[in-house]
Amino acid sequence: MEFKAKLLDDKMIDRSLTRLAHEIIEKNRGIEDLVLIGIKSRGVPLAHRLASKIASIEGNQLPVGELDITLYRDDLSQKSYEPDVKRMVLEFEIDGKIVILVDDVIYTGRTVRAAMDAIIDYGRPSSIQLAVLVDRGHRELPIRPDYVGKNVPTSSKEVVKVKLEEMDDTSEVSIYQKQ
């Protein structure tokens, strides 16, 4: 892949997450009954960062859970296009809660659909909202995020790569051209 451009650096990511935290608080009129669930892999550290931002604003820490989903994409398997929900790590109940799914990039919407299926199998939240750092378009399903750090129109021949300090020793979002 050929590097095209850096879309966000660490400070821009931090500012986006601060804005998302304020939007989440404002839309939900506070943080009562909110829980965050990060979609692995990079949605998990983003959920923890969002929880820290919200705690610094509201004075209370939100519970954060993890959801592990593996996609069977057409380039990996010709037999299935359905995501395989591996496991959910929650130390709290989601019944009656407002669940905010957190992911790094939304593309086709298949990961989010699988995550919603897993959450519904686990419990009955009062609602599910979606927060993403980057929305790159090209949805195949009628799924739209409630909170977006940055909208990035892309072609299907481009790849958006998110790196986070917790996993990659640097924080940035870049776009690459497929060869």
Matching entry among 78, 61 (being modelled with pLDDT of 85 or more and among the polar types (S, T, N, Q)): 61
Quick one: in the stretch 81-94, which of the residues that are open to solvent by 90 Å² or more (accessible area, probe 1.4 Å) and assigned to a loop (DSSP other than H, G, I, E, B) is modelled with the lowest pLDDT? 81
Is there any pair linking a residue in the stretch 1-27 that is more than 13 Å from residue 148 (Cα to Cα) to one that is in a helix (DSSP H, G or I) and open to solvent by less than 30 Å² (accessible area, probe 1.4 Å), with Cβ under 9 Å and at least six apart or on different chains, and which? 8/16; 25/54
For the stretch 140-149, give me each residue that is out of contact with any helix residue (DSSP H, G or I) (no Cβ under 6 Å at 6 or more places or on another chain) and open to solvent by less than 70 Å² (accessible area, probe 1.4 Å). 145, 146, 148
Test each condition in (1) at pLDDT 95 or above; (2) not in a loop (DSSP other than H, G, I, E, B) for residue 67 and report the one that comes out false. (1)
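So, in the stretch 28-43, how many residues would count as being open to solvent by 10 Å² or more (accessible area, probe 1.4 Å) and touching a residue at least 40 places away in the same chain (Cβ under 8 Å)?
Kept after step one, since they are open to solvent by 10 Å² or more (accessible area, probe 1.4 Å), are these residues of the stretch 28-43: 28-33, 40-42.
Remaining after also requiring touching a residue at least 40 places away in the same chain (Cβ under 8 Å): 28, 33, 41-42.
Matching residues across the stretch 28-43 total 4.
Kindly provide the set of residues from the stretch 150-179 that are more than 19 Å from the chain's Cα centre (by Cα), touching a residue at least 12 places away in the same chain (Cβ under 8 Å) and not in a strand (DSSP E or B), ordered by number.
Applying the first criterion (more than 19 Å from the chain's Cα centre (by Cα)) to the stretch 150-179 yields 155-158, 169, 176-179.
In the following step, the residues that additionally are touching a residue at least 12 places away in the same chain (Cβ under 8 Å) were identified as 156-158, 176-179.
Selection gives 156, 157, 178, 179.
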Return the residue satisfying two criteria in turn: it lies in the stretch 155-179 and is of a type in the set (Ser, Thr, Tyr) and modelled with pLDDT of 95 or more, and of such residues it is surrounded by the fewest Cβ atoms within 10 Å (Cβ to Cβ). 170
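The values are calculated or read from the model by the stated rules, or taken from the named source; none is laboratory data. Every value quoted in this text rests on a predicted model; they were computed, and no experiment measured them. Neighbour counts are summed over all protein chains in view; Cβ atoms, including those assigned to glycine, are modelled from backbone coordinates with ideal geometry. Surface accessibility is based on the protein's heavy atoms, side chains included, excluding ligands, DNA and RNA. Shrake-Rupley method; radii C 1.70, N 1.55, O 1.52, S 1.80 Å.
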